[in-house]
Amino acid sequence: MVAGGGIGGLAAALALARKNFRVLVLEQAHEFGEIGAGIQLAPNAWHAIDALGVGELVKKEAVFIERMLMMDGVSGEKVIDIPLDERFARRFGNPYAVTHRADIHGALLDGCRASKLIELRSSTRVTGFEIEDGVKISIEKSEPIAGGALIGADGGRSVIREAIVGDPEPPISGHMCYRAVLKADEVPKELRWAAATLWAAHNTHIVHYPLRGWKLFNLVATVIGKHSSGGHNEEASPEEVLPLFAHYCEKPTALMRTPNSFKRWMLRYREPVANWSRGPVTLLGDAAHFMLQYMAQGAAMALEDAICLATCADAMNGDFENAFREYQRLRLTRASRVQISANSLIGLIFHAADGVPRLVRNDIYRNRSPESYYDALDWIFTAPDYVRNFSGKSGRGRSARPSASRTASSRARARSQGSRARAARPLRRRPSPRKP
Ligand SMILES: Cc1cc2nc3c(=O)[nH]c(=O)nc-3n(C[C@H](O)[C@H](O)[C@H](O)COP(=O)(O)OP(=O)(O)OC[C@H]3O[C@@H](n4cnc5c(N)ncnc54)[C@H](O)[C@@H]3O)c2cc1C
């Protein structure tokens, strides 16, 4: 069972189904969907999307931008310029692209709907779980559901995490972002760049890039300060937003004046923790490693998690307890490194104070070669082997695993074969003629 039908939950379902597991996805919302905004997809994310078999679908509307830019928001100077050309694609095995969230979520959803092994249930809010010969989950206003394992992909305020990690709700961080999606022809001509552009200035930054085959533009302006509420997706007027970015030079200011209204998001995040799992229950995506968006890697990490988790479940032949242990071992350091790096980008780089800190920042980054950026980004943009080598075929437990766990899971499988109800429980391997 998977709690949560966001990018992470759907990717997990798809990855598991490609390894021949049956999956039930439970989503609290009335419909499976994503908010109307853009998302950047780095090469490591594309490797995962391709591995899930939906790459072509997502690429249809994606814009393959030509560069990543960081501009000094005060002087207008170009500080960082990373070409995303052939050299880049050759180095990382995939390009960098931007897309609408609905397009990637929709492609994953189509993939799930096309699979006979995946059942999708909306209007189903998971409220907790018990570990009891597998897992029994409680559902708001409905009967509990039993299954072989549970993946908490229920986002940054995960109830599954509450039971496993027990840390308090992620605090209101003071990081606020204002989002708008504009029609391309509303955007000032001189900013219609084929680039993911970040304007950096004291305590704030502004990101923009084209979307949906250049029909739309995504705009996200972030500020750290006093928050007016802890909510997200709330209306915010230009009168609220523009004074916060009054220290910017003309070009980004012209862009900020374009939307008639913004959507305000109060950003939250968590510090990394050393454990995401309890027995046959684990966490994935934001539920496991809720981060600030400054590395543009939260969804990419959720996609990588999904692939890794399915690979481990396959290698352990459905022994989820051991599979989740291995999944966590493989994912924890990488995801936590991104989580920590996202925080560190703010102080000295994106939000450097005006005056000497800004001049020093520009001096550090100005005139670096593309290769020096590629080297610095290598650890993140190079997809891990389990993502690069993922195939739709099941390895059927061919990977090495401890013999004790093999016996335990074989016993569990033997027990479950006697009961039709159990055999029908989600997250069980589909009976196959090749099964020994
Ligand atoms: C401003 C901003 C910009 C970003 N830009 C990028 C980017 O460019 N690139 C990138 O890779 N990442 C980016 N991210 C991060 C990315 O959006 C997230 O990391 C990613 O969407 C997490 O996916 P998820 O499926 O783990 O969680 P979510 O998207 O939060 O999905 C969780 C799902 O679970 C459901 N749910 C919650 N609780 C329950 C429950 N109890 N029972 C059942 N269902 C439940 C929710 O309704 C939701 O559908 C950005 C984030 C922000 C805020």
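We did not get these values from a lab; they are worked out from the coordinates using the rules stated. All of these numbers come straight from a predicted model, not from anything done at the bench. Cβ sites come from the backbone with ideal geometry, for glycine too, and all protein chains shown count toward neighbours.
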Query raised in the report: Across the Cα atoms of the range 289-377, what radius of gyration and what greatest pairwise Cα-Cα distance (Dmax) are found, in Å?
Result: 18.1, 59
**Report entry** Calculated from backbone phi, Karplus (6.51, -1.76, 1.60) coupling profile of the range 156-173 in Hz, x at Gly/Pro
**Finding:** x, 10, 4, 6, 5, 4, 3, 6, 8, 8, x, 6, x, 3, x, x, 5, 8
Requested in this report: Pull up the DSSP beta bridges for the chain and report the antiparallel fraction as a percent, rounded to 5.
Outcome: 75
**Report entry** Cα centroid of the range 1-74 to Cα centroid of the range 94-135, whole Å
**Finding:** 10
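Counting Lys +1, Arg +1, Asp -1, Glu -1, what net charge surrounds residue 9 among other residues with beta carbon under 10 Å of its beta carbon? Write out the running numbers ahead of the final one.
On the way: positive: none; negative: 27, 154.
With Lys, Arg at +1 and Asp, Glu at -1, the neighbours total -2.
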Report task. Under 13 Å from the Cβ of residue 278, count the other residues' Cβ atoms, weight Lys and Arg +1, Asp and Glu -1, and hand me the total. Result -> -2
Report summary line: Everything considered on the Cα gyration tensor (a ≥ b ≥ c; rounded for a/c under 1.5, else prolate if a/b is larger than b/c, else oblate), the chain must be described as prolate
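Among the trypsin sites (Lys or Arg not before Pro) within the range 35-81, which fall in a DSSP loop and have no more than 13 other Cβ atoms within 10 Å of their own Cβ? Show your work: numbers first, answer last.
Values: sites: 59, 60, 67, 78; in loops: 60.
For trypsin sites (Lys or Arg not before Pro) across the range 35-81 that sit outside H, G, I, E and B with at most 13 neighbouring Cβ atoms in 10 Å, the list reads 60.
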Query raised in the report: Once amide H atoms are placed 1.01 Å from N in the peptide plane, what residues at a sequence separation of 5 or more from residue 354, or on another chain, have their amide H within under 5 Å of its amide H?
Result: 202
Report summary line: Once amide hydrogens are built 1.01 Å from N within the peptide plane, the residues lying 5 or more places from residue 65 or on another chain with amide H under 5 Å from its amide H are 98
Report task. List the relative contact order of the chain as a percent without decimals, with contacts defined as Cα pairs under 8 Å and 6+ residues apart. Result -> 23
Report summary line: Stretched fully, the stretch from residue 30 through residue 119 gains (0.36 nm per residue minus C-alpha distance, one decimal, in nm) 30.5 nm
Query raised in the report: When we measure straight from the Cα of residue 116, which lysines land under 24 angstrom away, once same-chain ones fewer than 8 places off are left out?
Result: 19, 136, 393, 435
Requested in this report: Counting only C-alpha contacts under 8 Å and six or more residues apart, can you give the relative contact order of the range 228-306 as a whole percent?
Outcome: 28
Query raised in the report: Which GluC sites (Glu not before Pro) from the range 1-91 combine a DSSP loop assignment with at most 10 other Cβ atoms within 10 Å?
Result: 31
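Can you check how the C-alpha radius of gyration of the range 33-164 compares to 2.2 N^0.38 Å, as a plain ratio? Mind dumping the intermediate values first?
On the way: Rg = 20.0 Å, N = 132, 2.2 N^0.38 = 14.1 Å.
Ratio of Rg to 2.2 N^0.38 Å for the range 33-164: 1.42.
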Requested in this report: Pull up all non-local amide H partners of residue 127: gap of 5 or more, or a different chain, and H-to-H distance under 5 Å with H placed in the peptide plane.
Outcome: 138, 139, 140
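Just to confirm a number: summing +1 for Lys and Arg and -1 for Asp and Glu over residues other than residue 237 whose beta-carbon lies under 13 angstrom from that of residue 237, what do you get?
Values: positive: 257, 263, 264; negative: 234, 235, 239, 240.
Net of charged neighbours comes to -1.
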